[in-house]
Amino acid sequence: MNIKEYIESGIVESYVLGFASEKEKAEFERMLKQHPELIQVRERFELSLEKEALANAINPPVHLREKILSGILEESSKPAAKVVTIYPQKTTRRISSKTWAVAASVILLLGCAYMVYTFYTVNQRLKKDIAQSKQNLEKLEEKKRVIEENIVPPNYQAKPAKVVLPQQAITPVFEVFWDSTSTNVYLIIKHLKQLPIGQRYELWSVTKGKKESLGIFDPPADDKLIIKMNNVQEAESFAITILDPGK
Amino acid sequence: MKPVPAHTDPELVALLKKKDPEAFIFLYEKYAGALYGLIEQVLGSTGLADETFVEAFTTIVRSIDQHDSSKSRLFTWMMQLTREWAIEKLKSTSPRTYSEAEVREPGVKVVGGLMSNLHIDEQQVINLAYLKGYSVEEMAGKLAIPPEVVKQRINKALIAINSQVKK
């Protein structure tokens with residue numbers, strides 16, 4: 001086949017349009033080097049094809065221009081990287097990369113699920129811990145409240161008050177603390193004997209011969225040794241009597 | 001739009017390889033419509049034309065170093081890359097159904113002016129091969145004719161186009 005026949009076989013069009021097989025392409029490219037006139041024929045068809053394509057151009061949506069050009073300009077301002085053209089889904093390798101992507105996605109999904117589960121259980125445990133801590137704190141607050149109610153404040157300026165023994169039966173095994181500023185009165189019991197049913201103790205303050213009741217109390221059955229009594233403005237001494245409604 | 005400076009093919013290729021921003025813009029202004037028109041004909045009914053156009057044009061710019069001007073003009077290479085990209089997209093996303101309408105479409109617009117003197121059967125095989133990427137065997141199956149006949153039609157069509165260009 002001479003060059004004229006070769007050209008008229010339609011190989012030029014086949015090559016330019018992209019129909020030629022790899023073998024035909026290689027042959028055509030070899031022929032191009034050997035026959036410069038073939039280059040002219042090829043370029044003539046390329047130009048006529050280009051002219052047709054430009055005549056039938058359809059303007060892409062305007063927003064794509066900005067998208068494409070900004071992407072390209074940004075990319076081109078970075079250091080050059082070697083780019084290899086990969087067509088979508090062209091080869092088995094492409095399919096295999098898709099499979100890899102799916103596999104990676106599944107692994108990622110499982111990883112996420114595990115993390116969600118872990119976070120969930122940790123979260124539940126922390127919630128439980130917080131509830132437990134809250135409960136403990138409430139218990140402690142309650143204990144603190146009871147103690148505060150009953151304890152002598154640390155800056156307590158009270159003096160041990162003079163105590164008048166009510167009866168011989170009662171041994172001096174208690175102390176009264178009275179804070180003349182806050183007027184709080186605390187009774188600290190070391191030992192008071194249990195009374196028959198119906199009988200109770202009563203604490204008195206004594207001022208200029210006048211008695212004032214600071215409250216009725218039972219000797220502690222538990223270890224509650226400090227009792228806050230009613231406040232009193234003035235007191236010279238304190239006294240405890242046994243109250244016996246039967247008498 | 002401001003008038004873009006004219007470049008010869010080798011000048012433009014040289015500037016693109018140097019990543020000249022003006023050259024990218026020139027390339028877009030001059031050829032975006034032609035490439036989009038081609039993609040529209042391949043993928044028009046699928047709604048994939050826009051994304052394919054973005055991908056193809058970006059790929060063209062990124063792969064500019066692969067263009068060999070001893071083998072083709074810049075636009076030919078761009079068109080081949082775009083066509084292959086669009087056809088692969090078509091193959092990967094739509095079932096290869098074969099409709100009568102697809103076969104009887106009027107001549108391919110992109111090469112339409114070159115196909116005006118082709119027989120309808122020849123236009124058909126060029127359409128199917130160029131725009132849908134069908135192989136000879138696929139066309140033979142779908143048109144219910146022997147592969148040899150398909151090859152003959154393609155060949156006759158290419159020769160007719162060749163003689164058309166010469167005029």
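The values are calculated or read from the model by the stated rules, or taken from the named source; none is laboratory data. Everything quoted here is computed from the prediction, not taken from an experiment. Please note: Cβ atoms are built from the backbone with ideal geometry, for glycine as well, and neighbour counts cover all protein chains shown.
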Subset of the range B:130-159 (residues that are buried (at least 20 other Cβ atoms within 10 Å of the Cβ), free of Cβ contacts under 8 Å to residues at least 60 places away in the same chain, of a type outside the set (K, R) and under 17 Å from A:E13 (Cβ atoms)): B:Y130, B:V150, B:I154, B:A157, B:L158
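Across the range B:34-60, what is the total count of residues that are of a type in the set (S, T, Y) and facing another protein chain (nearest Cβ under 7 Å)?
3
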Check B:K30 against each of (1) at pLDDT below 90; (2) not in a loop (DSSP other than H, G, I, E, B) and name the one condition it does not meet. (1)
Could you identify the single residue in B:S94, B:S99, B:S72 that is among the hydroxyl-bearing types (S, T, Y) and either crowded, with 17+ Cβ neighbours inside 10 Å or modelled with pLDDT of 95 or more (or both)? B:S72
Scanning the range A:1-31 for residues that are of a type in the set (A, V, I, L, M, F, W, C) and more than 7 Å from chain B (Cβ to nearest Cβ), which turns out farthest from B:Q164 (Cα to Cα)? A:A26
Restricting the range B:61-85 to residues that are part of a loop (DSSP other than H, G, I, E, B) and among the charged types (D, E, K, R), which is farthest from the other protein chains (Cβ to nearest Cβ)? B:D68
Within the range B:13-42, track down each residue that is under 16 Å from A:A53 (Cβ atoms) and in contact (Cβ under 8 Å) with a residue 40 or more places away in the chain. B:Y31, B:A34, B:L35, B:G37, B:L38, B:I39, B:Q41, B:V42
Does at least one position in the range A:45-67 carry a residue that is among the basic types (K, R), surrounded by fewer than 17 Cβ atoms within 10 Å (Cβ to Cβ) and outside any helix (DSSP H, G or I)? no
